[in-house]
Amino acid sequence: MPYDAPDKTLTSDIESAASSVDLSKTPVNPTGADGQGCHSGAAQMRAAAEAAGKSEILDQYAADYPVGPHDKPQGMCPAFGSLRVGLRMRRTATILSGSACCVYGLTFTSHFYGARRSVGYVPFNSETLVTGKLYEDIRDAVHEIADPERYDAVIVTNLCVPTASGIPLQMLPKEINGVRIVGIDVPGFGVPTHAEAKDVLAGAMLKYARTEVEAGPVQAPVGGVSDKPTITLLGEMFPADPVGIGMMLAPMGLAAGPVVPTREWRELYSALDCAAVAAIHPFYTASCREFTAAGRPIVGSAPIGHDGTAMWLDSIGEACGIAKDKVAASKNAFLPAIAEALSGAQIKGRVTLSGYEGSELIVARLLIESGAEVPYVGTACPKTKWSDPDRDWLESHGVQVNYRASLEEDLAAVREFTPDLAIGTTPVVQKAKELGIPGLYFTNLISARPLMGPAGAGQLGQIVNAAIANKGRFDKMKEFFEGVGTGDHAGIWEDVPEDKPDFRLRNAKARERATAARSADKVEGAVGC
């Protein structure tokens, strides 16, 4: 891949972009007069989006991020994932187009998680939505913000209502004053989880960068070009892990490349200019498609634990054509240290594991190699061929692996297996503690720490053993609060609340009638659109 100092970007060609859009499809309001998309339901929103010309992108999402055997897992708005990726990139501006309530919630959550920059917002009402004025407002906002002194790229994201209305972000110019414009649709009815929304944006940026590379020389990364073949790391991870992976690759004559999603635009060129891609998070389907188009082999799993590291190093060596003696040198240098770290932090207990980050399977492998009994792993992400090595290993160790796990299934696993520790999402941890079982929140307490190499092997055992040791405290609290009641019986009462089942039944039937009436109205409205 040639590097050169000048920044060679794509030429803006609005007419070419417009030619791919069926302008006979007038934007529609998928929700009636009020324009409040959150109340419409996924089926109606999707039908409106297809009617407005978004069938192709929704079909691509359905292929990239398949649901099933369940509809979709419960979780936060998926657009949070792509929003967070953009906000963590240097010299990158972000603009959202969606309902005000959605934008407020997303920006609030992004700042809660440490974002330190503003988020652009293009508001709309029913008139601007159905007349196409919203697209013009977005185009004006992009032109206003595209300052090459401040930005390398501007990310524009359609949320549910603009996507359902067919707002054509692909008609935006590809660049303005040398600033790249990347438009994506991230509807809640098309992208199942926020983890996969990260891939939506990462894949879109890789596609853009790959096209730039094919067009001619591009800027070298700020840190320069590696003098060794590199391994691009796919999926967010703790900052120390890429360093540890680089140390394991060094005896093989390789180096750790950028982590995708990247932190700046020029890292995308380095990510594409690699010897192989390590799908640490195996659900980045759109990104993998771009690496495949660039001719880069993709290796699943991760250097996790003793067995996982040995298998991963073999796979990397095979993908990159590395001599077996060099692969053996890396194994001999690191596997004994990993085994020692594992033996020094053995876990004694049963652990159930669930989450939505995409690294649940490799964490389960590390738990098992640390001595834990892990009967169940639930992940909100889908099954892909790049997760097969981990799934096969886990199932051979008696683990039930559940893709696209629902909250109800994760809770059922906690009740069925009565673990000594439940690692999971916030509601799973809450339910476990109600049952007197210690719990750890996966995102903040497990995935936000080293997992690879000797450092990861030792740390996980320490935190898990400390949590399991708290069982006695939960038993005392459960005993103390025994009998206070739950639900509508909770609290202190002069008299015991009296159940009124007939009243409950009448109200349930009334709610059913009201729901049926609303559904009929929506069907009639959809036909009218």
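The values are calculated or read from the model by the stated rules, or taken from the named source; none is laboratory data. What you are looking at is a predicted structure, and each value in this text was computed from that prediction instead of being measured. Using ideal geometry, Cβ is built from the backbone for each residue, glycine included, and neighbour counts are taken over all protein chains shown. Accessible surface is based on the protein model in full, side chains and every heavy atom, while ligands, DNA and RNA are left aside. Shrake-Rupley method; radii C 1.70, N 1.55, O 1.52, S 1.80 Å.
In what sequence, highest mean first, do 255-261, 396-402, 417-423, 299-305 appear when ranked by Cβ atoms within 10 angstrom?
299-305, 255-261, 417-423, 396-402
What is the calculated FRET efficiency for THR131 to GLU512, with r their C-beta to C-beta distance and R₀ = 60 Å, to the nearest 0.05?
Working from the Cβ atoms, E equals 0.95.
Using a probe radius of 1.4 Å on heavy atoms only, what accessible surface per residue do you get for the chain? Whole Å² is fine.
With the other protein chains kept in place, the chain gives 45 Å² per residue.
Quick check: residue separation of ALA448 and ALA43 times 0.36 nm, minus the Cα distance between them. What number comes out in nm?
142.2 nm
What's the Cα-based Rg to Rh of the stretch 294-358, Rh via Kirkwood? Mind dumping the intermediate values first?
Working: Rg = 15.0 Å, Rh = 13.9 Å.
Rg/Rh for the stretch 294-358 comes to 1.08.
Where Rh is the Kirkwood radius over the Cα pairs of the stretch 174-242, the temperature 10 °C and the viscosity 1.306 mPa s, what D in µm²/s does Stokes-Einstein return?
106 µm²/s
So how far, in whole Å, is the C-alpha centre of the stretch 189-264 from the one of the stretch 97-171?
Here the answer is 26 Å between Cα centres.
To the nearest 20 Debye, how big is the dipole of the chain about its Cα centre, given +1 on the beta carbon of each Lys and Arg and -1 on that of each Asp and Glu?
It comes to approximately 480 debye.
May I ask you to order 170-183, 473-486, 74-87, 55-68 by the average number of other C-beta atoms within 10 Å around their residues, highest value first? Let's see the in-between values first.
Numbers: 170-183: 19.4, 473-486: 10.7, 74-87: 22.8, 55-68: 15.4.
For the peptides 170-183, 473-486, 74-87, 55-68, the packing ranking is 74-87, 170-183, 55-68, 473-486.
Straight-line reach from LYS198: which lysines fall under 18 Å, measuring Cα to Cα and dropping same-chain residues less than 8 apart?
LYS72, LYS207, LYS383
If amide hydrogens are placed 1.01 Å from N in the peptide plane, which non-local residues have theirs closer than 5 Å to the one on GLY257?
ILE231, THR232, LEU233
Rg and Dmax in Å for the stretch 203-280, alpha carbons only: what are they?
Just the Cα atoms of the stretch 203-280 yield Rg and Dmax of 12.2, 35 Å.
Could you size up the charge dipole of the stretch 74-143 around its Cα centre, putting +1 on the beta carbon of Lys and Arg and -1 on that of Asp and Glu, and report it in debye to the nearest 20?
Around 520 debye, computed over the stretch 74-143.
Which FRET efficiency value, to the nearest 0.05, do you get for SER396 and TYR121 by plugging their Cβ-Cβ distance into 1/(1 + (r/R0)^6) with R0 = 56 Å? Intermediate values should be presented prior to the final figure.
On the way: r = 50 Å, r/R0 = 0.89.
My answer for the efficiency is 0.65.
Under a point spin-label approximation (7 Å from Cα along Cα-to-Cβ), what is the PHE480-TYR113 distance to one decimal in nm?
3.4 nm
Given the Cα-Cα distance of HIS143 and ASN470 and 0.36 nm per residue of separation, how much length would full extension add, in nm?
Gain in length upon complete extension: 112.1 nm.
In the calculated pair distance distribution of the stretch 114-160, what percentage of Cα-Cα distances lie above 14 Å?
On the way: 620 of 1081 pairs.
Of all Cα-Cα pairs in the stretch 114-160, 57 percent lie more than 14 Å apart.
What is the Rg over Rh value, at two decimals, for the chain, using alpha-carbon atoms and the Kirkwood definition of Rh? Don't skip to the answer; put the middle values down first.
Working: Rg = 25.3 Å, Rh = 25.2 Å.
Computed over Cα atoms, the ratio is 1.00.
Per-residue HN-Hα couplings for the stretch 160-176, Karplus 6.51 cos²θ - 1.76 cosθ + 1.60 at θ = phi - 60°, whole Hz, x for Gly and Pro?
Karplus-based 3J(HN,Hα) across the stretch 160-176 equals 4, 5, x, 5, 4, 8, x, 4, x, 5, 5, 7, 5, x, 6, 8, 9 Hz.
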